[in-house]
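Below are the structure tokens for one structure; questions will follow.
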Amino acid sequence: MLETLLTTRTNRRAWRGSVVFLAILLLAAAANATENGGSVYPVGVETVKPGLTPPPNGSVIFEFTAFYSANQMNNSSGLSAAPEFKLRVLANAFKVVHNWNVPVFGGRLNSNLAVPVLYEELHVAPGNFSSTGLSNVDLSPFQVGYNTGSWHWYYEGDVIFPGGSYAKSDILNIGQHNYAVAPVGGFTFLPHRGAWEASSKFLYIVNFRDPATSYHGGNEFIWEYAGMREVSHRLALGINGYLYDQTTNDFQHGVVVGDGNRGRDLAVGPEVFIPFGHHSALALKYERDTLVENKPQGQAFWFQMGLPLSLERGRQLISSLDRRNRPTGE
């Protein structure tokens, strides 16, 4: 699928970008509407060349560190609705992606797993609260990736699991306490030998009921985007962000919650992409919330880094060492 990626100047740049196409973080107790204002997905995470996938038999490991802060919780009219509200989230996550080199529908089969750990501080009228723990793990066993010239795209099916720990009586919990599934698609267009980039990722998250509270969060549509320009072989600059829109109402015990508690958000900010080493890179991002309804209005700072790991190269190395160590004449 991506053989051309490794043999042309344009696609070598594209592969360097793929090691940073991002995955998992953000808040649990106060984000994009649904139960307690939270979401199972870290909106805004995948804005750097999201359409790219590893080469055949290749693996990539990602590390993500991000800080989110908000001093305002908005209602359905976009006005502050929680006096003294303050939220701080520090997140760290790892994601592994592997290309199985198995032909599927004209593309190649990939799988990925993202595991986030969060520390959160919340200040509301009753007082201050903090918590640390495992957030919602995201598994995609079936992803199909494609590459044709400057175009790179994929589609996949995600299964998102409940947070690692949950107590119904706690004001602050890490992660949402429900399962969710999501059809996902993304593309990256790299014209002019990769000097320009236009990327998008689309998700439609279907939430299931929280068995502990009988809360059924609404479905969520997410569009993440980026536009970048390479200013040198070692630096690209541009903008990134996302559109979040909750498409259905929240329910609890079969009754609509308030006016539906539908979240809205349009975020935008600068992005910096820095390739280094052999097919490795890092990204620095800033995203600021605007036009916010039924969620916190704040800002996020991101640091993300990726490193390719090749199982195929490892097998070749072991085989080479084995041949060297064999007795002469064997």
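Calculate the FRET efficiency for LEU237 and ARG209 from the Cβ-Cβ distance with a Förster distance of 51 Å, rounded to the nearest 0.05.
It comes to 0.70.
Here's a follow-up. What list of ³J(HN,Hα) couplings, whole Hz, do you get for segment 68-76 from phi and the Karplus terms 6.51, -1.76, 1.60, once you set θ to phi - 60° and write x for glycine and proline?
Each residue of segment 68-76 in turn: 10, 9, 8, 10, 8, 10, 8, 9, 5 Hz.
Any idea which of ASN249, GLY149, ASN136 is furthest toward the positive side of the dipole for segment 132-278, if Lys and Arg beta-carbons carry +1 and Asp and Glu beta-carbons -1?
GLY149
Once segment 75-181 is represented by equal point scatterers at the alpha-carbon sites, with solvent omitted, what log10 I(q)/I(0) does the Debye formula produce at q = 0.09, 0.11, 0.15, 0.23 Å⁻¹?
Here the Debye-derived log intensity ratios amount to -0.39, -0.54, -0.79, -1.19.
Could you give the length gained by full extension between HIS192 and THR247, i.e. 0.36 nm per residue of separation minus their alpha carbon distance, to one decimal place?
In short, 16.1 nm is gained.
Next question, about the same structure. Using the Karplus curve 6.51 cos²θ - 1.76 cosθ + 1.60 with θ = phi - 60°, what ³J(HN,Hα) values do you get for each residue of segment 45-51, in whole Hz, with x for Gly and Pro?
With the stated coefficients, segment 45-51 comes to 6, 10, 10, 10, 6, x, x Hz.
If you don't mind, another one. So between ASN71 and ARG229, what do we pick up on full extension, going 0.36 nm a residue minus the alpha carbon distance?
Working: separation 158, 0.36 × 158 = 56.88 nm, distance 3.29 nm.
Full-extension gain reported as 53.6 nm.
As a quick test, which of the pairs LYS49/LYS86; LYS95/LYS285; LYS168/LYS285 have an alpha carbon distance above 26 angstrom in this structure?
Flagged as over cut-off: LYS49/LYS86; LYS168/LYS285.
Taking amide H positions as placed in the peptide plane 1.01 Å from N, state which residues far from ASN101 in sequence (5 or more) or on other chains have amide H under 5 Å from it.
ASN57, LEU109
Still on this model: Through the Karplus equation 6.51 cos²θ - 1.76 cosθ + 1.60, θ set to phi - 60°, convert the phi angles of segment 84-91 into ³J(HN,Hα) values in whole Hz; use x for Gly and Pro.
For segment 84-91, the Karplus-derived couplings read 6, 6, 9, 10, 10, 10, 10, 10 Hz, x marking Gly and Pro.
Taking H as built 1.01 Å from N, whose amide H comes closer than 5 Å to the amide H of HIS177, not counting residues under 5 places away?
Under 5 Å from the amide H of HIS177: GLY163.
Within segment 178-272, report the trypsin sites (Lys or Arg not before Pro) that DSSP leaves as loop and that have at most 13 other Cβ atoms within 10 Å.
Listed in order of number, the matching sites are ARG234.
Here's a follow-up. What residues of segment 195-216 lie in the reach of a label at ALA167, counting those whose backbone N is under 17 Å from a point 7 Å from the Cα along Cα→Cβ?
Output list for this probe position: 212-213.
Ranked highest first by the average count of other Cβ atoms within 10 Å around their residues, in what order do 78-86, 290-298 fall?
290-298, 78-86
Please list the non-local residues whose amide H lies under 5 Å from the amide H of SER135, H modeled 1.01 Å from N, same-chain partners needing a gap of 5 or more.
Residues meeting the amide H criterion: VAL117, LEU118, GLY164.
All of the numbers you see were taken from the coordinates with simple rules; none came from a lab. A quick note: this is a predicted structure, and the numbers were derived from the prediction, not measured. Methodologically, a virtual Cβ is constructed for each residue, glycine included, from the backbone with ideal geometry; neighbour enumeration extends over all protein chains shown.
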